[in-house]
Amino acid sequence: MPQLHSARLVTLAAVVLLKALPLAAQASQPEALQDLRAAVDSEFRADRTDKSIWTYKDRDDSADRRALYLEIETRQGSLRRLIELNGRPLSPAAAQAETDRINSFIHDSSARARAHKNSQHDDAQAAEMMHMLPEAFIWTIASQNPETITLNYRPNPNFDPPDMQSRVMGTMGGQVVIVRDGNRIRTLRGALTQDVKFGYGLFGRLNAGGTFDIERRQVGDGHWQITESHVHIGGKALLFKNIGQQEDEVKTDWKPSNDQTLEAAARTLNAQH
């Protein structure tokens, strides 16, 4: 298959070129790396110590659906209720369907166990990605002022991604904004710098130029949460089907949650029979 042979030649040429570049061109600025590591350490420390729970409104807009949810966090997980769809309140029938769905979930121990397992999996993946940040990218200081530090990042040619998720991560470039007070990450934005192909493109591809923007803010005294996420990445899978994500999510009206259990949250959401 000559196209595969050509791909190997291109890869080999890229490796040779990268080895010929000055070391400084492939290394992070020490000051930038120090700032990033301090922010990553702060985020992990906050994750261990901040056990606050919240309620908020979650507007989730995709290409074909605009949904508004009321979400309540508890010590046992989260519940959310759809309250508006495509700009309109739910019909009585749709509202009843939401009540039935929530009530069914909280009385289904296997469904609750699956949700808990999925949440733990997501948390573990997020932690893995945070740990990889210093090594996956080349970091430089873009700008700084008394309140914030803005870092630029680009793919590190020496990064060896251990799995598919980190392989995608290793093709990104963009900016991170760090708030000096507490060394907290406020913004993570970027774009795919090249196509990501799976099986030489036969099984899938994420398109270069796809963008993402994650915004975090203080929602209470010292408590930081993701308040906005905008993901616009497209591609193809199995030669035909479109893949990727086109989603804009904004979370507002943050308040401390008073509900310790899923049953209590269901009552607050008017979904407990």
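The values are calculated or read from the model by the stated rules, or taken from the named source; none is laboratory data. As the structure is a prediction and not an experimental result, all values here were calculated from the model. Quick reminder, even Gly has a Cβ in these numbers, built from the backbone with ideal geometry, and neighbours come from all protein chains shown.
Scanning segment 21-77 for residues that are out of contact with any strand residue (DSSP E or B) (no Cβ under 6 Å at 6 or more places or on another chain) and part of a strand (DSSP E or B), we see that the one that is modelled with the highest pLDDT is THR74. Restricting attention to segment 160-202, the residues being assigned to a loop (DSSP other than H, G, I, E, B), surrounded by 17 or more Cβ atoms within 10 Å (Cβ to Cβ) and modelled with pLDDT of 75 or more number 2. Kindly establish whether LEU4 is modelled with pLDDT under 95 and in a helix (DSSP H, G or I). The answer is yes for LEU4.
Please verify whether SER119 is under 30 Å from GLU263 (Cβ atoms), in contact with a Ser or Thr (Cβ under 9 Å, 6 or more places away or on another chain) and either without any contact (Cβ under 8 Å) to a residue 60 or more places away in the chain or among the aromatic types (Phe, Trp, Tyr) (or both), treating the condition exactly as stated.
So SER119 fits the description; yes.
Residues in segment 79-93 include at least one that is under 29 Å from the mean Cα position of the chain (by Cα), within 21 Å of ASP259 (Cβ to Cβ) and of a type outside the set (A, V, I, L, M). Restricting segment 135-155 to residues that are outside any strand (DSSP E or B) and touching a residue at least 12 places away in the same chain (Cβ under 8 Å), the residue that is surrounded by the fewest Cβ atoms within 10 Å (Cβ to Cβ) is PRO146.
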